[in-house]
Amino acid sequence: MARETAVSMTKTQAAFHRIRAAVEEGRLKPGDRLKAATLQEELGMSPTPIREALRLLQAQGLVEHRPHHGMVVAEYPVEQTEEVYRLRLVLEPMATGLAAERATAGQLEEIRRLLDDLREAVRAGDARVDAAELNAAWHRAVYEAAGSRYLEEFIARLWGVLPLEAIWLASRSEASIEEHERITAAVEGRDASKAADLVREHIEATARMRERLHGA
């Protein structure tokens, strides 16, 4: 029984990641119906892991159940997106300031390495989702360096509510790289106040651009 459960969870996680990637990459758009039969055929899986994956995605707010429609990709009302950004403006500067105070030498090296990888991806013109993933990895590295498990979990929950494309905007990639560079330098310089201010400005700039592009 334990072995069957482990296999089932592996398939569930695989389905979860593949469906989530389709949402984040825009192949599945807000309002699209998630038909179990279609997903089973596309993913080559039985109904159980598909159903469990959709349940996990629903818990994260990426899909929702609608009467007479079943599961659909969640749409993000202006109010919901604005709330996520308001909370990011509270939690992420706090975490970045703590990272400037607490980061180990190894963590600082990882933050710098991820920034270099992100810069190279943007210069090389990689697909937007690759840059979005690297951006998320850089942010995670900064917040992990804060040394606060609960703060890190709260931030991860916020990031899980919206697709990565709602946080990384390709249209301002060059500006984001410059902002990341200044934040990284402040963290490396152990300037907690400056690091917190810079990440706050970074989030505000992204929110303004998103509003201009998407109205949310």
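Of the residues contained in the range 141-155, one or more are found to be under 12 Å from the mean Cα position of the chain (by Cα), assigned to a helix (DSSP H, G or I) and either within 22 Å of LEU198 (Cβ to Cβ) or not assigned by TED's automatic domain parsing to the domain that holds ARG20 (or both). Per the listing GLY61, GLY44, the residue uniquely at pLDDT 90 or above and of a type in the set (Gly, Ala, Ser) is GLY44. Is one or more of the residues making up the range 65-88 in a helix (DSSP H, G or I), modelled with pLDDT of 95 or more and hydrophobic (A, V, I, L, M, F, W, C)? Yes; the residues of the range 65-88 include at least one that is in a helix (DSSP H, G or I), modelled with pLDDT of 95 or more and hydrophobic (A, V, I, L, M, F, W, C).
Checking every residue in the range 52-65 against the condition of being over 22 Å from GLU153 (Cβ atoms), surrounded by fewer than 21 Cβ atoms within 10 Å (Cβ to Cβ), touching a strand residue (DSSP E or B) at 6+ places or on another chain (Cβ under 8 Å) and not β-branched (Val, Ile, Thr) gives at least one match. VAL199 meets all of the listed conditions (1) modelled with pLDDT of 95 or more; (2) more than 21 Å from LEU89 (Cβ to Cβ); (3) surrounded by 16 or more Cβ atoms within 10 Å (Cβ to Cβ) but one, namely (2).
Taken over the range 140-173, the criterion of being charged (D, E, K, R) and touching a helix residue (DSSP H, G or I) at 6+ places or on another chain (Cβ under 7 Å) is satisfied by GLU144, GLU152, GLU165, ARG172. Among the residues of the range 172-187, none qualifies, meaning not one is in the same structural domain as LEU87 (by TED's automatic domain parsing) and within 21 Å of ARG20 (Cβ to Cβ).
Every test in (1) in a helix (DSSP H, G or I); (2) within 27 Å of LEU28 (Cα to Cα); (3) in contact with a Leu (Cβ under 8 Å, 6 or more places away or on another chain) is passed by ALA95 save one, and that test is (2).
Note on the range 175-216: residues that are without any contact (Cβ under 8 Å) to a residue 60 or more places away in the chain, out of contact with any Lys or Arg (no Cβ under 9 Å at 6 or more places or on another chain) and over 26 Å from GLN107 (Cβ atoms) total 5.
The values are calculated or read from the model by the stated rules, or taken from the named source; none is laboratory data. From a predicted model like this one, the values you see are computed outputs, not experimental measurements. Ideal geometry is used to build each Cβ from the backbone, glycine not excepted, and the neighbour counts take in all protein chains shown.
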